[in-house]
1. Can you give the Rg and Dmax of the range 90-178 based on its C-alpha atoms, in angstrom?
2. Rounded to whole Å and sorted largest first, list the principal axis extents of the Cα atoms in the chain.
3. What accessible surface, in Å², does a 1.4 Å probe find on residue 313, ignoring ligands, DNA and RNA and rounding to the nearest 10?
4. Heavy atoms only, probe 1.4 angstrom, no DNA, RNA or ligands counted: give me 266, 126 ranked by accessible area, highest first.
5. Which distance in Å, rounded to a whole number, links the C-alpha centroids of the range 254-286 and the range 186-226?
6. Using only the Cα atoms, what convex hull volume per residue in Å³ does the range 212-259 have?
7. Under unit Cβ charges (Lys, Arg +1; Asp, Glu -1), what dipole magnitude, rounded to 20 debye, does the range 113-247 have relative to its Cα centre?
8. Where a Cα-Cα gap under 12 Å defines reach, which aspartates and glutamates qualify for residue 164, not counting those fewer than 8 residues away within the same chain?
Amino acid sequence: MDQLNEAAIAELTALCPGGVARDVDLSAISRWRIGGRADLVLRPSSTAEVSALMRWFSAQGIRPVVIGLTSNLLFDDAGLRAPCIQIGERMAHVNIKGQQAWAQAGAWVPGFARKLMQAWLSGAEHICGIPGTLGGLICMNGGSQRKGIGSSIVEVESVDATGKVRNRPAQDCAFGYRQSVFQTNGEIITAASLRFSSRPRAEIRSEMRTILAERRRKFPRKEPNCGSVFKSNPAMYAEIGPPGAAIERLGFKGAREGGALVSPQHANFIVNTGRATATEVLTLIARIGSAVEAATGYRMAAEACFVQADGTIQPADTVLNEITI
Ligand SMILES: Cc1cc2nc3c(=O)[nH]c(=O)nc-3n(C[C@H](O)[C@H](O)[C@H](O)COP(=O)(O)OP(=O)(O)OC[C@H]3O[C@@H](n4cnc5c(N)ncnc54)[C@H](O)[C@@H]3O)c2cc1C
């Protein structure tokens, strides 16, 4: 990273004490176990630290990339030259009062769902098996059972590119199917307030157990993956079915590109069988996308996102869109 000399690293270390890691192997920390080395990963422990870091980067004209637990991200084989801010376990405090919860963005989603269950709060059952942070979930408006976390949000606290702390009510977050304003506005989510309803704990637990059992049955668990690769699309769903069914029908289960394999268990999952590269995963995604489009007329958008070495994040289907099968 040309711009960041030792003096700059010393300044960043003062702004983010105990949270500076250099030359990080992304294939060791990323969920897909793919990616080169990241020059610099910063793990702040408070909103104030995030704000100070963003102010510093803004003054230098540098745009850092933000990540959570990387459960939706594919990193470039070339690694990451842009500085990376990872919101995780150092910012994971959860506070529940009545029917409202306040949580920092680094909270682990399954743990957050369990805390709500223990407090007899219902509405987050559908997120109990999603292996990311609350910040990543809000950015993706993730969820399951045809739901998204956005419907439980009261307000999101975030830090903008200049370091200013903002509080945005749910109606200003542009939540849509696996979409939110945070995918494009360059802000870092630092915390959120959410509202739930009361329900007996035993009922919540039973629903969560059913959801988790179903996920265990349907999804590959051993090999590294990033969950569903392609998003469902309502028109395609009504005519053809979910992406997994369309992909399976074209015989892609077990299709391989180097170390990247279409899961024989669920066709909308691509697993890393050991040494898959990002290029192999992207090639497989492009092959699948082209084949489904040729057969059905529907162009499937990827839910999984690719992180380029310069820090640009884009849907993984938009990287190699000229591949032919
Ligand atoms: C086995 C498996 C199952 C999955 N099942 C589901 C599922 O059922 N439903 C579902 O919706 N998803 C699912 N996912 C995908 C993924 O878990 C979610 O998208 C998750 O919420 C991402 O959280 P993360 O912390 O890992 O974010 P990351 O993958 O690190 O980042 C995802 C996006 O969010 C942004 N981001 C992360 N943190 C912040 C922040 N604090 N502020 C601003 N932007 C941020 C990143 O820049 C990136 O664009 C699954 C993934 C796996 C591996």
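The values are calculated or read from the model by the stated rules, or taken from the named source; none is laboratory data. A quick note: this is a predicted structure, and the numbers were derived from the prediction, not measured. Cβ coordinates were reconstructed from backbone atoms using ideal geometry, including for glycine residues, and neighbour counts include every protein chain displayed. All accessible areas refer to the heavy atoms of the entire protein, side chains included, with ligands and DNA or RNA removed. Shrake-Rupley method; radii C 1.70, N 1.55, O 1.52, S 1.80 Å.
1. Here Rg and the maximum Cα pair distance are 12.6, 39 Å.
2. 54, 53, 33
3. Using a 1.4 Å probe on the heavy atoms, I get roughly 80 Å².
4. Highest to lowest solvent-accessible surface, that is 266, 126.
5. Centre-to-centre distance over Cα atoms comes out at 25 Å.
6. Working: hull volume 5.2 nm³, N = 48.
Per-residue hull volume (Cα only) is 108 Å³.
7. Numbers: 20 positive and 11 negative charges, 122 e Å.
Dipole of the range 113-247, to the nearest 20 debye: 580 debye.
8. Cross-link targets: 49, 187.
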